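Visitor: First the structure, then my questions, so here it is.
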Amino acid sequence: MHGKRWILVPFITAAIVVGLSWWAGSKLMAPANHVVIRPDDFNADLVSIAGTGHDIAGWWTDTHQGLPVVLLLHAVRADRATMVSRARLLQQHGFSTLLIDLQAHGETPGASITFGNRESADVVAAVTWIKHRAPNRKVGIIGCSLGGASALLAPQPLGVDAIVLESVYPRIRRAVENRVRMRLGPLAPLMTPLLLWQIHPRLHLDLSDLEPIRSISKVGAPVLIAAGSEDQHTTLDESKELFAAAVDPKALWIVPGAKHQDLLAYDRSGYETHVLRFLTDQLRGPLPASQRLGKTEVEQLVAEYLANNKPLVFGSHQGTYLCCDLGEPNLSFEAGHRLVAFGDGFVPWQANFSYSIAEDGRVVLNRTEWDGLEQLLIAHDVQDAYVYRYGSTLYLVKSTEENPDLSFDSGSLWPFKAMPKDPR
């Protein structure tokens, strides 16, 4: 009797293992739908895009008519809100953005998460929407993990002009194995096949349908692959394999110390150097270099303006006149090393004080002459600055800002832009 019981043990154990694997598969494929809250300080239009059998929820930020657009695609079990930090960075540097919830995520319905297969149809729909909403503009994609896989699993070429792939798996088999090994260690060889087996009966897909590496050579656009050196979900070897399969022009950015995480949050400086520069080069074209003027050049510039009986005036908001403003500052370089700061909004104001020019060209304000106006000038963010020449245009850039991007109007107070005539 006891012998018969022992015979049943392997069958009971097998049943438990299969049951647990089926439960785990259910959790992995279950929809991740929930309400997505837009941050109060993130200005975006709520849009609904017609997808395949469902509407795709999205946020649209059109920074400026004519600027290129970047489609932002989130990771698995995330939503469009996780891409807001990237959208903000892109907006600051002259890009419009579309953030969407992929199917079965956030506010976009879906029966199951399919690891990029059905999600790829949403990518196609989003690109099509952009081209109708913003025709004749260049389009780029940033896809994180699932988002990048979805872009690659779509029919190629997508018709975009640049693609950034962050921590994207090449093959589903290895992706599942990596994740199981992280959690179960030596049991990975046992559990991985049981999870992979479920893909066909549950999703009606073959494993070969979930291999983004098969299509990366057909995207028809420059590709940047970003990978964390310590990523155990998508290993560095896998990212290098994906890079090797891509065709030129292509680039690989390995982020030292990063795991399977938000690479912008981990290394913002590196992200700007690699991802932002890649998109700028591919979508906005080569930009003229900005030149910071030295002391002699600034002095000669001011003298030339005064010789023509007009001061050199820089206007805030890149010289844009704001109707009914509150007196945003203009800065006028006058004779005798005098600087006049003035505003002509609801509450007109003016301050006259001296300035000097440091050897490196920095315009240094004499704050000892700000008597009675110190709080006003501080409130209007009047501060030391450098004069830059960008193409044929002059800009005044606050001295604390390094490597300013002067190629577009950011809508912010600084930098100031030389005005064609004195607005007074």
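The values are calculated or read from the model by the stated rules, or taken from the named source; none is laboratory data. Source: prediction; values computed, not measured. Reconstructed Cβ throughout: ideal geometry from the backbone, glycine too, with neighbour counts over all protein chains shown.
Visitor: Can you tell me which of Ser208, Ser215 is within 29 Å of Ala125 (Cβ to Cβ) and free of Cβ contacts under 8 Å to residues at least 60 places away in the same chain?
Guide: Only one candidate passes the filter, namely Ser208.
Visitor: Can I ask one more? Checking His74 against (1) within 21 Å of Ser407 (Cβ to Cβ); (2) crowded, with 18+ Cβ neighbours inside 10 Å, only one condition comes out false. Which one?
Guide: (1)
Visitor: Still on this structure, please answer the following. Could you please find all residues in the stretch 352-405 being in a loop (DSSP other than H, G, I, E, B), in contact with a strand residue (DSSP E or B) (Cβ under 9 Å, 6 or more places away or on another chain) and among the polar types (S, T, N, Q)?
Guide: Correct list: Asn366, Gln383, Ser399, Asn403.
Visitor: Listed residues Leu326, Leu322, Leu306, Leu312; which is modelled with pLDDT of 90 or more and within 38 Å of the chain's Cα centre (by Cα)?
Guide: Exactly one residue qualifies, and that residue is Leu312.
Visitor: Can I ask one more? Would you call Arg171 at negative phi and in contact with a helix residue (DSSP H, G or I) (Cβ under 9 Å, 6 or more places away or on another chain)? Don't jump to the end; show me each part of the working.
Guide: Details: at negative phi: yes; in contact with a helix residue (DSSP H, G or I) (Cβ under 9 Å, 6 or more places away or on another chain): yes.
Yes, satisfied.
Visitor: Go through the stretch 161-213 and count every residue that is under 27 Å from the mean Cα position of the chain (by Cα) and assigned to a helix (DSSP H, G or I). First the steps, then the outcome.
Guide: Pass one, the stretch 161-213, residues under 27 Å from the mean Cα position of the chain (by Cα): 161-172, 175, 179, 210-213.
If we keep only those that are assigned to a helix (DSSP H, G or I) too, we end up with 172, 175, 179, 210, 212-213.
So the answer is 6.
Visitor: Please pick out the residue among Tyr386, Tyr390 that is under 21 Å from Ser290 (Cβ atoms), in the same structural domain as Lys295 (by TED's automatic domain parsing) and at pLDDT below 90.
Guide: Going through Tyr386, Tyr390 in turn, just one is under 21 Å from Ser290 (Cβ atoms), in the same structural domain as Lys295 (by TED's automatic domain parsing) and at pLDDT below 90: Tyr390.
Visitor: Thr235 fails exactly one of the following numbered conditions: (1) surrounded by fewer than 18 Cβ atoms within 10 Å (Cβ to Cβ); (2) farther than 30 Å from Pro404 by Cβ. What is the number of that condition?
Guide: (1)
Visitor: What's the total number of residues in the stretch 261-314 that are closer than 30 Å to Arg362 by Cβ, touching a residue at least 60 places away in the same chain (Cβ under 8 Å) and touching a strand residue (DSSP E or B) at 6+ places or on another chain (Cβ under 6 Å)?
Guide: Final tally of qualifying residues: 10.
Visitor: Take the residues in the stretch 376-396 that are touching a residue at least 40 places away in the same chain (Cβ under 8 Å) and of a type in the set (Val, Ile, Thr); name whichever of them is surrounded by the most Cβ atoms within 10 Å (Cβ to Cβ).
Guide: For the stretch 376-396, the residue satisfying everything is Val387.
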